[in-house]
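Quick notes on the structure that follows.
The values are calculated or read from the model by the stated rules, or taken from the named source; none is laboratory data. These numbers were taken from a predicted model, which means no experiment stands behind them. In this analysis, Cβ positions are derived from the backbone assuming ideal geometry, glycine residues included, and neighbour counts consider all displayed protein chains. With ligands, DNA and RNA removed, areas are computed over all heavy atoms of the protein, side chains included. Shrake-Rupley method; radii C 1.70, N 1.55, O 1.52, S 1.80 Å.
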Amino acid sequence: MIWYILIIGILLPQSLAHPGFFTSIGQMTDLIHTEKDLVTSLKDYIKAEEDKLEQIKKWAEKLDRLTSTATKDPEGFVGHPVNAFKLMKRLNTEWSELENLVLKDMSDGFISNLTIQRQYFPNDEDQVGAAKALLRLQDTYNLDTDTISKGNLPGVKHKSFLTAEDCFELGKVAYTEADYYHTELWMEQALRQLDEGEISTIDKVSVLDYLSYAVYQQGDLDKALVLTKKLLELDPEHQRANGNLKYFEYIMAKEKDVNKSASDDQSDQKTTPKKKGVAVDYLPERQKYEMLCRGEGIKMTPRRQKKLFCRYHDGNRNPKFILAPAKQEDEWDKPRIIRFHDIISDAEIEIVKDLAKPRLRRATISNPITGDLETVHYRISKSAWLSGYENPVVSRINMRIQDLTGLDVSTAEELQVANYGVGGQYEPHFDFARKDEPDAFKELGTGNRIATWLFYMSDVSAGGATVFPEVGASVWPKKGTAVFWYNLFASGEGDYSTRHAACPVLVGNKWVSNKWLHERGQEFRRPCTLSELE
């Protein structure tokens, strides 16, 4: 049998040996093909086991008929010399062959295959990262647990459901992070699905154990007590629940005594513990940022909207665009954000993606204190850098940017290609270096990032907008388009209204590429002004 030779044929490319699958949808698609190949290998193993059992079954049926006849007249049966010979042969030789067949391990090929593939599998970091992404999407897009569990997301092609066990695992991830708000939400969802009769490997006792503690941690002692009693109805001997019950009752009795000793007015006022909700983090504009990601809170007034136009742009009489001018649209006025339509072809996009895929690595940021590159939880994507000299398409794209912006790309950074992962995002940030980061681009020797050019290389089914929280602007991905804005005023001062973010991808696969243009070489292309904010 040659079914197990499949091992060599489905080895993954070495590029997939890098961790962080959850940070790139593009690389996750390769895992789908890997799993499909493993299923094929598994089915081959099952077929081999079935063939083996069929052989054993035929042997057993043959011997059953033979021994049934022989036992009716043993002396007469073995009195026949041929039967005597065959009996000796069977017991001496054929039963040994049957023993070898029964002991033959048909799983060797499949197990070897699986062992080789496992080194390229996602790890715990990927599973936890994907779980956190779901929680992030839940918050950003105001989704309830039931909507996510039932797979009722906008723009989905392949609807998928979460089991009670899946919901339980999401709750456990939140619990491990001391995120009791999401622990409560997902444990309640798991419990709800179990109450509806879903068959699961987890039980209500386990769910209630986590749920009651999460509720207690958020200050709702009454609800924690009710849930603990419900747990004990199912498992009266549960050691931790019995301990918690006594503790909760003690705390409540203590609070009751405190209330009695207070004044009548105060004792009449019952204080309801306030739940913590989503934890407050370092990001001051999170509410504005998440609203813009949902398409809410956009601050463009009708009066300002009238001043935004579409036009044909010839790159200041550039010969390449006189006969075929670029289509340009004003997306925003201050800061001025311009979108170029049909500016990169599908064929060019595929070439850029093919060049980038083998090099994709977890995207990093520059630590403003140490200057070291490091991965951070608020940038979930993988990126690669492409030089103009390595492929004519990249060189042509670079020249197109120069022709349309009028800026010199010889001092720009290489073309950065990014693919976002599950809930992929890049929270609000500046592209330019602030005054407290004087050494940010010192090694490049080309000055600050004067402008940003961003290609959208895919459509996104839901989410994935580029938003500017300071001014209330949202720019939505559209394949084949690019947006451009200046990060610095002509004076060289940073424009703080360009603080922007890449919203989490709710559904779909987001590919972008960007070009950061620097100050050096632009002295005569964009002369400095006397005013600081011009």
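Residue count for segment 409-419 satisfying the condition of being under 30 Å from residue 136 (Cβ atoms) and open to solvent by 30 Å² or more (accessible area, probe 1.4 Å): 1.
Okay, residues lined up against (1) farther than 26 Å from residue 51 by Cβ; (2) not small (Gly, Ala, Ser):
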{"position": "84", "(1), (2)": "yes, no"}
{"position": "89", "(1), (2)": "no, yes"}
{"position": "94", "(1), (2)": "no, yes"}
{"position": "100", "(1), (2)": "no, yes"}
{"position": "109", "(1), (2)": "no, no"}
{"position": "115", "(1), (2)": "no, yes"}
{"position": "122", "(1), (2)": "yes, yes"}
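Scanning segment 521-534 for residues that are within 42 Å of the chain's Cα centre (by Cα) and of a type in the set (S, T, N, Q) yields one hit, 522. Checked against the criterion of being under 28 Å from residue 147 (Cα atoms), open to solvent by 30 Å² or more (accessible area, probe 1.4 Å) and assigned by the TED database to the domain that holds residue 137, segment 240-247 contains not a single residue that satisfies it.
Condition check for residue 334 on (1) assigned by the TED database to the domain that holds residue 473; (2) open to solvent by less than 100 Å² (accessible area, probe 1.4 Å); (3) within 36 Å of the chain's Cα centre (by Cα); (4) under 23 Å from residue 477 (Cβ atoms): one failure, at (2).
Conditions tested, residue by residue: (1) of a type outside the set (Gly, Ala, Ser); (2) without any contact (Cβ under 8 Å) to a residue 24 or more places away in the chain.
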position	(1), (2)
409	yes, no
412	no, no
420	yes, no
436	yes, no
445	no, no
467	yes, no
476	yes, yes
490	no, no
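For segment 79-100, the tally of residues that are out of contact with any helix residue (DSSP H, G or I) (no Cβ under 6 Å at 6 or more places or on another chain) and either of a type in the set (Phe, Trp, Tyr) or surrounded by fewer than 13 Cβ atoms within 10 Å (Cβ to Cβ) (or both) stands at 15. Being open to solvent by 20 Å² or more (accessible area, probe 1.4 Å) and closer than 18 Å to residue 419 by Cβ: is that true of residue 460 here? Yes. Restricting attention to segment 409-445, the residues being part of a loop (DSSP other than H, G, I, E, B) and either under 17 Å from residue 501 (Cβ atoms) or within 32 Å of the chain's Cα centre (by Cα) (or both) number 16. Checking the conditions here, which among 500, 518 is within 21 Å of the chain's Cα centre (by Cα) and either of a type outside the set (D, E, K, R) or farther than 30 Å from residue 349 by Cβ (or both)? Just a single option satisfies the conditions, and that option is 500.
Answer with yes or no whether residue 29 is open to solvent by less than 20 Å² (accessible area, probe 1.4 Å), part of a helix (DSSP H, G or I) and within 30 Å of residue 133 (Cα to Cα). No.
Determine, yes or no, whether residue 476 is surrounded by fewer than 23 Cβ atoms within 10 Å (Cβ to Cβ) and under 15 Å from residue 338 (Cα atoms). Against the criterion (surrounded by fewer than 23 Cβ atoms within 10 Å (Cβ to Cβ) and under 15 Å from residue 338 (Cα atoms)), residue 476 qualifies.
Scanning segment 487-525 for residues that are aromatic (Phe, Trp, Tyr) and open to solvent by 10 Å² or more (accessible area, probe 1.4 Å) yields 489, 496, 516, 524.
Can you tell me which residue in segment 377-408 is modelled with the highest pLDDT, limited to those that are under 30 Å from residue 28 (Cβ atoms), part of a loop (DSSP other than H, G, I, E, B) and open to solvent by 20 Å² or more (accessible area, probe 1.4 Å)? This residue is 391.
Please verify whether segment 182-193 includes one or more residues that are open to solvent by 50 Å² or more (accessible area, probe 1.4 Å) and among the hydroxyl-bearing types (Ser, Thr, Tyr). Looking for residues that are open to solvent by 50 Å² or more (accessible area, probe 1.4 Å) and among the hydroxyl-bearing types (Ser, Thr, Tyr), one finds none in segment 182-193, hence no.
Yes/no per residue for (1) at pLDDT below 90; (2) touching a helix residue (DSSP H, G or I) at 6+ places or on another chain (Cβ under 6 Å):
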{"position": "71", "(1), (2)": "no, no"}
{"position": "121", "(1), (2)": "yes, no"}
{"position": "126", "(1), (2)": "yes, yes"}
{"position": "143", "(1), (2)": "no, no"}
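Within segment 354-364, being open to solvent by 30 Å² or more (accessible area, probe 1.4 Å) and in a helix (DSSP H, G or I) holds for 354, 355, 357, 358, 359.
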